[in-house]
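Chemist: Sharing a structure with you now.
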Amino acid sequence: MSPAPDPSALLSLEGRVALVTGASGGIGSAVAESLRAAGAEVACVDLERAGASAEAESLACDVSDPAAVERMFERFGKRFDRLDVLVHCAGITRDAVLWKMDHDAWTGVLRTNLDSAYLLLRHAVPLMRAAGGGSVVLISSINAERGKLGQANYAASKAGLIGLGRTAARETGRFGIRVNVVSPGMIDTAMTASLPDEIKARARQESALGKIGRVEDVAQAGLFLASPMSDHVTGQVLRVDGGQLMA
Ligand code: NAP
């Protein structure tokens with residue numbers, strides 16, 4: 001048996017270029033920071049402003065808009081000559097029970113959370129092929145699998161990411177591209193800060209670990225999937241939920 005490889009070398013992204021959407025958000029900024037700490041150059045994409053740190057390249061873009069995504073990749077191509085990692089964290093909620101959910105709330109969430117992934121992949125895959133391979137991580141949610149009161153649009157968009165991600169994994173594996181999905185349970189971020197205390201208490205009760213997750217928990221899973229440490233892992237859904245959903 002050959003000696004075990006150095007774990008830190010397997011987690012290294014030295015010389016790699018990563019693109020992170022939603023990079024000014026709670027989870028996205030932690031993801032961008034951990035990829036940068038592993039040695040990657042990171043391009044940060046957000047609606048308004050971006051940048052997990054002063055060292056990151058900032059690309060403002062509405063990821064739900066096909067023309068804006070195309071322009072963003074043109075700007076990306078002027079700054080970087082390769083793409084190795086894409087982590088899609090951008091996402092929104094517009095909650096209402098189905099019979100009170102207006103069409104804008106439905107399409108807005110589907111376009112921002114799901115159409116965006118299709119648009120990003122269309123541009124990212126040729127760049128990763130040219131780089132000889134790559135890793136894509138789509139941030140879904142445990143609510144994709146279990147459904148959630150008031151979140152028909154959100155749960156549908158996040159479930160769509162799983163189907164899209166698995167199909168992309170099948171289509172791009174031959175080019176050395178891996179595509180995986182991370183499904184967080186409740187994580188302490190701005191998205192969840194305004195939730196009523198009873199909802200947070202329920203999430204804590206549901207969790208086998210009895211706690212709400214931290215953005216670092218998701219970032220560490222993202223780094224694992226982005227790095228050579230997970231070289232033979234593709235088409236998977238990795239729940240980072242403290243055992244909130246076990247099925
Ligand atoms: P967050 O803090 O609200 O961050 C969301 C990010 O998405 C922001 O950076 C925002 O950019 C960006 N964004 C929104 N719409 C965009 C658009 N049209 N184009 C480009 N960027 C856009 O949310 P978070 O809690 O970190 O969540 C990150 C991801 O994890 C989301 O996909 C969410 O669904 C998922 N998730 C979160 C939890 C949780 O408990 N927090 C659980 C499961 C899954 P601006 O700041 O510029 O608007």
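The values are calculated or read from the model by the stated rules, or taken from the named source; none is laboratory data. On a predicted model such as this, the values are computed, not experimentally measured, just so you know. Every residue, glycine among them, receives a Cβ derived from its backbone with ideal geometry; neighbour counts consider all protein chains shown. Remember, those area values only see protein heavy atoms, side chains included, never the ligands or the DNA or RNA. Shrake-Rupley method; radii C 1.70, N 1.55, O 1.52, S 1.80 Å.
Chemist: Any chance you could list P(r) for segment 34-137, counting all Cα-Cα pairs in 5 angstrom bins from zero, rounded to whole %?
Modeler: Values per bin, smallest distances first: 2, 12, 20, 23, 18, 11, 6, 4, 2, 0.
Chemist: Give the carbon-plus-sulfur fraction of the accessible surface of segment 12-246 in %, rounded to a whole number; probe 1.4 Å, heavy atoms of protein chains only.
Modeler: Working: 5530 of 10930 Å².
The C+S portion of the solvent-accessible surface of segment 12-246 is 51 percent.
Chemist: Given a 1.4 Å probe, how much area per residue of segment 31-173 is accessible, in Å²?
Modeler: Details: 6590 Å² over 143 residues.
For segment 31-173, the solvent-accessible area averages 46 Å² per residue.
Chemist: Mind listing P(r) for segment 1-40? All alpha-carbon pairs, 5 Å bins, whole percents.
Modeler: It works out to 6, 23, 23, 17, 12, 8, 5, 3, 2, in whole percents.
Chemist: In addition: Within segment 1-88, which trypsin sites (Lys or Arg not before Pro) sit in a loop by DSSP and count at most 13 neighbouring Cβ atoms inside 10 Å? Don't skip to the end; give the middle numbers.
Modeler: Working: sites: 16, 36, 49, 71, 75, 78, 79, 82; in loops: 16, 49, 82.
Answer by residue number: 49.
Chemist: Given the pairs 100/211; 148/211; 158/211, which are separated by over 21 angstrom at their Cα positions? Kindly include the intermediate steps, with their values, before the conclusion.
Modeler: Details: 100/211 32 Å; 148/211 19 Å; 158/211 23 Å.
Going by Cα-Cα distance, 100/211; 158/211 fall outside the 21 Å limit.
Chemist: Output wanted: per-residue J couplings in Hz (rounded whole) for segment 5-11, from phi through Karplus 6.51 cos²θ - 1.76 cosθ + 1.60, θ = phi - 60°, x for Gly and Pro.
Modeler: x, 5, x, 5, 5, 5, 9
Chemist: Let me ask something additional. Counting each DSSP H run of 4 or more residues in the chain as -39500 (n - 2.57), what helix-only mean residue ellipticity at 222 nm follows after dividing by all residues, to the nearest 500 deg cm²/dmol?
Modeler: Numbers: 10 runs with 104 residues, N = 247.
The per-residue figure over the chain is -12500 deg cm²/dmol.
Chemist: Once you have the alpha carbon radius of gyration of segment 12-246, what is it after dividing by 2.2 N^0.38 Å, with N set to its residue count?
Modeler: Working: Rg = 16.7 Å, N = 235, 2.2 N^0.38 = 17.5 Å.
With N residues counted in segment 12-246, Rg over 2.2 N^0.38 Å equals 0.95.
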